[in-house]
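Colleague: Just dropping this structure here.
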Amino acid sequence: MCDLFKRELLFKVLVIGDFGVGKTSIIKRYAEGTFSTKYKITIGADFALKQIDWDSETRINIQLWDIAGHERFGYLTSVYYRYAVAAAIVFDLTRPDTFVAVSKWLNDLRDKVSLPHGKPLPVIILANKGDVAANKVPVQIEEFCKKNQIVSWYITSAKENRNIDSAMNRLILEALENQRNNNLYNSDSLMLAEEANSGTHNSSRLCCSR
Amino acid sequence: MKSLDGAEIEVWELITSRDFSKIKCDNKMLLHAIKQGIPRGKRGEVWHFLAEQFCARIPPVDTELYPNYNVPYETLLKQLTSHQHAILIDLGRTFPSHSYYSSPLGPGQLALFNLLKAYSLLDPNVGYCQGLSFVAGVLLLHMEESQAFFLLRHLMFRRGLRKQYLPDMVGLQIRLYQLSRLLHDQLPELYNHFNFYEVAPTLYAAPWLLTIFASQFPLGFVTRVFDLIFLEGTNVVFLLEGTNVVFRVALALLSQHKDQLLACDSFEEIMNYLKNTLPSIDRSLLEKIMKQVYTTDISKQLNEYKVEYQVLQEEMQSVQPQVENVQKLENINKNLKEQNKNLMAQLEVALSNVQRLEKTRAVQQSTINQLKTQNRCLDVTIGTLASFINNLIEDKVDVEIPGDVRRVISQLTLSERRKESKNNFLNNMFKKSDNNTISPNRVMVKSLSTGKIGIPNIDENQILRTNSLNPRDGGFFSKSHNNILHQQKMGSYPTLEVKVENIEEEEGLKPPSLPLIENLAGIGSNKVSPTNSVDSGVGTPQSPPKDGPPTEPHPLSNCDVTFTFNGTRELKKVRNLRQIQRTSSPDLLSK
């Protein structure tokens, strides 16, 4: 009954990073609590939903966007990034080059999406496959985070369900904070924004079709 | 598996016998056969046959553009590819639940690796792109490696698939646009529905196009689509170009699910339906879709859309400078807004300061008024006391009046007399002085009474305020001084009078034997007494002009009374008191 009075929030959270670092695994672990070694390649983008009863008054619907890691999909990412309020950049501890790519993904993200008021999205970094190579954390990660306003970084393991919940909670906390600051504190606001946008989108499309 | 009738078997046998010249391919029969579905075992051969048919009708590939095009598969396999890593990672993620591909580095994955590696070397521009592994995977399920390689190359180069995998993915973007337009024209209701929930083809159709449905749809369905792709443009049925079939299939799929999709009323619901429900295709739906695919012709539209997209792109390019300009202006606007915001904040602070100061001023004004009243009262008191003492002196000659008291009394008497005989300009001066103007002697008394009533130092505002009156008071003073000097010359006042006036104005010059006044003077000099260093000489009304030698002798220079400040605010010494007493008392008494 009291659910009726709950404030519902919708957060679109991006999970990006190079191919094969475990984005899909992290999302499946977080959203469904499962792990498998048999995930398909993510072509383009995919998404999963998770509902969290954040507190007695707030229910958060998290839309986790699994963005294809292949470099050339970068031409499509602006469509996938739209309306996102937070992002997790994943790299693979067993592949140092995927950490190098983190800054590339961060740039791509910063270039293509920001919060409604122009603020940058809160970003966390997930050093995945911590079950295999927790000791191979790049030494420069701390400095990188400071330099690039990364909220935090975590050693995660989708396989062993390590740190994923706490990392995501941290990100949600940031998103909530931004939400509060933006005075968009009800579920309608996001919806309305989307509708307003789709309206213009629509008309432009129709215009082009002539 | 459905049973094959005799005629169909005959067709497949004919095709696979590869005696094409003799057959001259009965198109109608072939189409009919393919509509029923090619038997699994014959598929590889049929696809190969159709590919050769197709190639026979178009000019060969320009090997200058693609120098590796004719390099044999075996040769390519001996080389190393820079895409090895990416390919390896994707092996386990291509048909991960299909038995042929599921075992890590088993025969399926190895074949897939070889095929993708060879292709990446054949076509360095494309190299490896995600999605390709599914296309290759489907081919490998129906034929051996080298044959699959031949057909992969065929699909990529001869059937136009290649463009969508190039690094800029322009081909994919054109196709996504075409699909969107197709939807707009063919299924407007669904188009509007998708548009409303912002379900763009980029979100759901990218895997359809990049894997020819293989990543999400059941293999039985996917192979039927492949059948059609190989069939198209082979002079058999549709004289069509490109990957027309993929669009027909996509359109058929969406139209078959139109009602259910329209019933979805959120972005997530639509996306979930497209991803999970739509791909599960049963036999009857498969036939329905295939039937629809055969009967729709959209090649004309697709060509139009393609041209349209290119025109749009060119337009976008041409307006690029304007777009950049707009972005620049937007940035400038943003900065200005920010500045404006800051200035507004500053203004607000300033306004609140003004308000605060205005309040302070009002409070101080009321203090001033209060002090003025007190001053008047004290004037009256002093007058009364003076007249009482005067009377006393007159009545009782034997009473010994201290010299100091006598002097003060005489001063008071004189000042009173002078007040009465003031000429008009002075009177006017006092009349003019409104509430804001503080007459010089009032300021003095005010500071005294301030000390008396225990109000701490009147703050600097007040002093400033007093100072601000300088020109006027200074004027008054210089005038009064001049006047006095003039009177002195005219002999209308005795010398002492001048002294008296100045003494009165020079606060602190009070005989120590007069306790009340002494006290007051002491307190006053500790406070904001204008004669003291706090602001003395800076044009305070009471200060005689100190800097710059006065053109005329200062009134006090004629006075016998001298006083010194030893660098402190305390009145140290009053000298020549006796002398004054001696010399002046007769005068005083005589008056």
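The values are calculated or read from the model by the stated rules, or taken from the named source; none is laboratory data. All figures in this text were calculated on a predicted structure; none of them were measured in a lab. Neighbour counts are summed over all protein chains in view; Cβ atoms, including those assigned to glycine, are modelled from backbone coordinates with ideal geometry. Only protein heavy atoms, including side chains, enter the accessible area calculation; ligands, DNA and RNA are left aside. Shrake-Rupley method; radii C 1.70, N 1.55, O 1.52, S 1.80 Å.
Colleague: Once you sort the root eigenvalues of the Cα gyration tensor of region B:179-221 as a ≥ b ≥ c, which label holds: rounded (a/c under 1.5), prolate (a/b larger than b/c) or oblate (the other case)?
Modeller: Cα axes put region B:179-221 in the prolate bin.
Colleague: So if we plug the beta-carbon distance of residue B:144 and residue B:58 into 1/(1 + (r/R0)^6) with R0 = 30 Å, what FRET efficiency do we get, rounded to 0.05?
Modeller: Details: r = 26 Å, r/R0 = 0.86.
It comes out at approximately 0.70.
Colleague: Figure the gain on full extension for residue B:380 and residue B:282 (residue separation times 0.36 nm, minus the Cα-Cα span) and round it to one decimal in nm.
Modeller: Working: separation 98, 0.36 × 98 = 35.28 nm, distance 11.65 nm.
Full extension of this stretch gives 23.6 nm more.
Colleague: Additional query: Return the FRET efficiency for the residue pair residue B:352, residue B:331: r is the Cβ-Cβ distance, R0 is 41 Å, and the value is rounded to the nearest 0.05.
Modeller: After rounding to 0.05, the efficiency reads 0.80.
Colleague: Something else: Please go through the residue pairs A:40/B:275; A:104/A:136; A:136/B:78; A:40/A:129; A:38/B:275; A:119/A:146 and name each one whose alpha carbons sit more than 24 Å apart in this structure.
Modeller: Listed pairs above 24 Å: A:136/B:78.
Colleague: Going 7 Å from the Cα of residue A:6 in the Cα-to-Cβ direction, what parts of region A:40-64 have a backbone nitrogen less than 19 Å from that spot?
Modeller: Zone members listed by number: A:48-64.
Colleague: So for the pair residue B:85, residue B:363, with labels modelled 7 Å out along Cα→Cβ, what separation do we get in nm?
Modeller: 7.3
Colleague: To continue, here is another question. Expected output is a single nm value to one decimal: the length gained when fully extending between residue A:160 and residue A:146, i.e. 0.36 nm times separation in residues minus the C-alpha distance. What is it? Could the numbers behind the result be given before it?
Modeller: Numbers: separation 14, 0.36 × 14 = 5.04 nm, distance 2.79 nm.
Full extension from residue A:160 to residue A:146 adds 2.2 nm.
Colleague: Between chains A and B, what is the buried accessible area in Å², counting both sides, with a 1.4 Å probe and ligands, DNA and RNA left out, to the nearest 100?
Modeller: Details: alone 11620 and 31490 Å², together 39500 Å².
Buried surface at the A/B interface: approximately 3600 Å².
Colleague: Over the whole of B:83-89, what's the average partner chain Cβ count within 10 Å per residue? Rounded to a whole number, please.
Modeller: 3
Colleague: Calculate the spin-label point distance for residue B:189 paired with residue B:344, positioning each point 7 Å from the Cα along the beta-carbon direction, and give it in nanometres.
Modeller: If labels sit at residue B:344 and residue B:189, their model points lie 4.9 nm apart.
Colleague: Counting Lys and Arg as +1 and Asp and Glu as -1, what is the net charge of the other residues whose Cβ lies under 9 Å from the Cβ of residue A:104?
Modeller: Computed value for this residue: -3.
Colleague: Between residue A:52 and residue A:137, how high is the FRET efficiency from 1/(1 + (r/R0)^6) when r is the Cβ-Cβ distance and R₀ = 25 Å? Nearest 0.05.
Modeller: 0.35
Colleague: Can you classify region A:42-188 as rounded, prolate or oblate using the Cα gyration tensor, where a ≥ b ≥ c are the square roots of its eigenvalues, rounded means a/c under 1.5, and otherwise it's prolate if a/b beats b/c and oblate if not?
Modeller: Prolate, because a/c is 1.5 or more and a/b exceeds b/c.
Colleague: Also, I was wondering about something else. Applying a 10 Å radius around every beta-carbon, put A:39-51, B:371-383, B:339-351 in order of their mean neighbour count, most first.
Modeller: Ranking, from highest mean packing down: A:39-51, B:371-383, B:339-351.
Colleague: Taking a ≥ b ≥ c as the square roots of the eigenvalues of the Cα gyration tensor of region A:1-87, is the shape rounded (a/c under 1.5), prolate (a/b larger than b/c) or oblate? It would help to have the intermediate numbers written out before the result.
Modeller: On the way: a/c = 3.47, a/b = 1.73, b/c = 2.01.
In terms of gyration-tensor shape, oblate.
Colleague: Right, here's the next one. Label residue B:421 and residue B:318 with points 7 Å out from Cα along Cα→Cβ: what is the distance between them in nm?
Modeller: Placing both labels 7 Å along Cα→Cβ, they lie 10.3 nm apart.
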